[in-house]
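Below is one structure, written out as structure tokens; the observations come after it.
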Amino acid sequence: MKGTSSGSMGPGLHSGLHSGLRCLLVVASCLVASGVLLLPTVVRAQSDPDEFPPLDRMPFSDRLPGSDDRQDPARPFPRDNDPDAPLLNDRLPRDPRDPMDQPLDDDPGMSPLPAPATPEAIAGIDRTHLDWTIQRVSAVDLEVGRSWSFEHGAASMTSAEESDYAELIRMAVNRRRLITTGLADGIGSESVWQSSFYRFEQVRRQAWAQGNLTLGGRMAIQRDPFSGQADALVSPLDQNYSADNQQRYSLLQDVATHPGEFTGRPVVLYGIFTPSGSVRIAANGALEGEESEFVVQRGAFRGLSRPGSIAVVDALGFRSAVQPGISTAWPVAARRDMPVLLKGWFVKLWGTSPLIFAESLKVLSPLPWRDEIQLQVQNRRRLTADESWLYHETLRQLQVTSLAAQQEVAREQQLLRMTQLRAELKLRIVSDRQKMEEQFQRERAAGADLRISEQRLAEGQRRLERQLAARDARFAGWLAKPERFPLFVDLFQNPDYWQGRLLTLRGHVRRVMTHAGDQQLFHGQPLHELWLFTEDSQHIPTVVVCPLLPRDFPVNSDLIDSVEVTGCFFKQYVYRSQTETRVAPLLLAGHIAWKPTAAQVLSLVRDGDLPADSPLAAQARAQDADQPGDLIVMLTAVLAVLVAMAVWSRVQRDRRERSRVLRLVDEPADFRQT
């Protein structure tokens, strides 16, 4: 990473001077008609290089959960974030515009996993060290070691299966209430509950990578299990499958291969749920106070962008970011698709698709889950282990939802905020006016000089009216052009209001770093950290974390202009600089918008921060070729200045001559000289 030097001219400064010259020419041309010459001066202040801490003290450089953990020889698999284990993803996505499909499972945009060990390499591995049917690996495993009656492959249930299914549902619902049992002090029960759903897949993935788990057979994806069609689609992930050269772990393939090892185990999937109708599950032998029947909504579940059903899902209800609690108002009649985060338990193979039960589905939308963020996240601290699940799930939600929709929501929320501040201003002026009148009445009752009190009251009221008019006019301008509103100032001064909300910031980036996301919660997918400075942020950065960067984004540049970020304000993040502890807003974003000018792109190419053969550089050269040459521009500027000076001189000479003639006409005649 290049260091920042106050004496060097960065690409942003070079392009700024170039743009300033062009603006000077336009102004000079306009002055020819008006006869007035202005000489603007453009000054750009440089940031103090001491404001940036060393790279090893940057935000998030030391906060990855479990970064100090080491391999325990007694454990069969590596612990989370084991530095000796290979990264699950070791390169950046090639095209950030690729659609996200099963991002936490079968995402084609994610990097391939390491290939499993060869038979020769694993010949000495003891495969009997772990019995998946009795080994408990997470806090949400249900009745590990129990002999279930489920018949995998049958698209129906016997009475014994239905009884076991009702018992599984009862255990899943009650497990949430028992999650606090045995937890140490200082560990959040919500964090343990939410994070545990990822654990079983992580252990299976590690076992597969080490050669202790094999995948076999072929998995079919049904078009719609409720449409009556018997034909199926072969999963694209399994078209080139063979036991010897399987290159990626697939949760769905694992479930289809080893269904008996997954019953009662938690799974996490992102996709589209289409409800089809309610199903009643009778619970035999229910005790007093227990449900004798469970009503679930059954529907087809498919990937975010791939056709065909990949699972059958039963859910008790769903939750959304716009309404509290769990709802059962399913859109069955219209067969509306619902993008959801599924956290549930595998039950059985329903035909060729897994049947999964979920207590509630989490509906995905551009709106962040503000209530969860405000409840679970602690401000003015580093990222804690209890916040990690919500941190990564918010990143994934913003990644898979529409950026255009996020920008529209952020714009509406900013307009709402400006309207609110404008109304608060008027209420504050009214309150101040009332206080002045009360003070006047007290002085009057105390027998003070009435004339002086009235004069003081009148002056105070006039001052308040001037303040109201000036500030109200300022808000009117901001409402007309929201991009001029000092959003960072309001964010920094009112973090409680903005926490969990979407907002859009524009400025330049001074730092870009990349690190692996959490192995369990994000599969180690690379996350990028940017330090964004806006016009109103002065020397305080906004720390932006994003899983994807625009194509050709110059990560090694000291200064990257024209960057726009729409994201969720997660918390006030505390980091230590060289001299003191500081606070910076932490913004989570799914996408980064970068729209540089042709001059900025060419400056990056000259500095070696952008490949000269990149499509962006070629486009910038084509745009620059359409502009007039520098010599022609300079000559035009000189000519405009000379013409303006000539016009100004002629106007002044005419004014002097006119004044002299008027004085002669108005001077009275003196006949004594005759």
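The values are calculated or read from the model by the stated rules, or taken from the named source; none is laboratory data. Treat the numbers as computed from the prediction; the structure is a model and nothing was measured. Because the Cβ atoms are built from the backbone with ideal geometry, glycine has one as well, and the counts that use them run over all protein chains shown.
Given the criteria closer than 27 Å to GLN376 by Cβ and either free of Cβ contacts under 8 Å to residues at least 40 places away in the same chain or crowded, with 22+ Cβ neighbours inside 10 Å (or both), does LEU604 qualify? No: the conditions fail for LEU604. Of the residues making up the stretch 141-163, those that are of a type in the set (A, V, I, L, M) and either assigned to a loop (DSSP other than H, G, I, E, B) or within 42 Å of the chain's Cα centre (by Cα) (or both) are LEU142, VAL144, ALA154, ALA155, MET157. A single member of LEU479, LEU398, LEU427, LEU491 is touching a residue at least 40 places away in the same chain (Cβ under 8 Å), farther than 30 Å from VAL545 by Cβ and assigned to a helix (DSSP H, G or I), and it is LEU479.
With respect to LEU532, determine if the residue is in the same structural domain as LEU505 (by TED's automatic domain parsing), modelled with pLDDT of 95 or more and in contact with a Phe, Trp or Tyr (Cβ under 7 Å, 6 or more places away or on another chain). It is false that LEU532 is in the same structural domain as LEU505 (by TED's automatic domain parsing), modelled with pLDDT of 95 or more and in contact with a Phe, Trp or Tyr (Cβ under 7 Å, 6 or more places away or on another chain).
Under the condition of being surrounded by fewer than 20 Cβ atoms within 10 Å (Cβ to Cβ), in contact with a Lys or Arg (Cβ under 8 Å, 6 or more places away or on another chain) and closer than 30 Å to LEU269 by Cα, the residues counted in the stretch 506-550 number 1. For the stretch 274-284, the set of residues classified as touching a residue at least 60 places away in the same chain (Cβ under 8 Å) and surrounded by fewer than 18 Cβ atoms within 10 Å (Cβ to Cβ) consists of ALA282, ASN284, listed by residue number.
Quick test for you: out of ALA593, ALA618, ALA584, pick the one residue that is surrounded by fewer than 16 Cβ atoms within 10 Å (Cβ to Cβ), within 28 Å of VAL555 (Cα to Cα), touching a residue at least 40 places away in the same chain (Cβ under 8 Å) and not charged (D, E, K, R). Give the steps one after another, and end with the answer.
On the way: ALA618 fails: touching a residue at least 40 places away in the same chain (Cβ under 8 Å); ALA584 fails: surrounded by fewer than 16 Cβ atoms within 10 Å (Cβ to Cβ).
None of the other options fit; the residue is ALA593.
The number of residues in the stretch 364-384 being surrounded by fewer than 19 Cβ atoms within 10 Å (Cβ to Cβ), among the aliphatic types (A, V, I, L, M) and under 23 Å from PRO339 (Cβ atoms) comes to 0. Mind listing whichever residues of the stretch 303-345 are assigned to a strand (DSSP E or B), without any contact (Cβ under 8 Å) to a residue 40 or more places away in the chain and not aliphatic (A, V, I, L, M)? Those that are assigned to a strand (DSSP E or B), without any contact (Cβ under 8 Å) to a residue 40 or more places away in the chain and not aliphatic (A, V, I, L, M): GLN323, GLY325, SER327. Scanning the stretch 188-236 for residues that are out of contact with any helix residue (DSSP H, G or I) (no Cβ under 7 Å at 6 or more places or on another chain), modelled with pLDDT of 80 or more and either not assigned by TED's automatic domain parsing to the domain that holds LEU355 or not in a helix (DSSP H, G or I) (or both) yields a total of 5.
Have a look at PRO547, PRO554 and point out the one that is in contact (Cβ under 8 Å) with a residue 60 or more places away in the chain and in contact with a helix residue (DSSP H, G or I) (Cβ under 7 Å, 6 or more places away or on another chain). Show your work before the answer.
On the way: PRO554 fails: in contact (Cβ under 8 Å) with a residue 60 or more places away in the chain.
The unique qualifying residue is PRO547.
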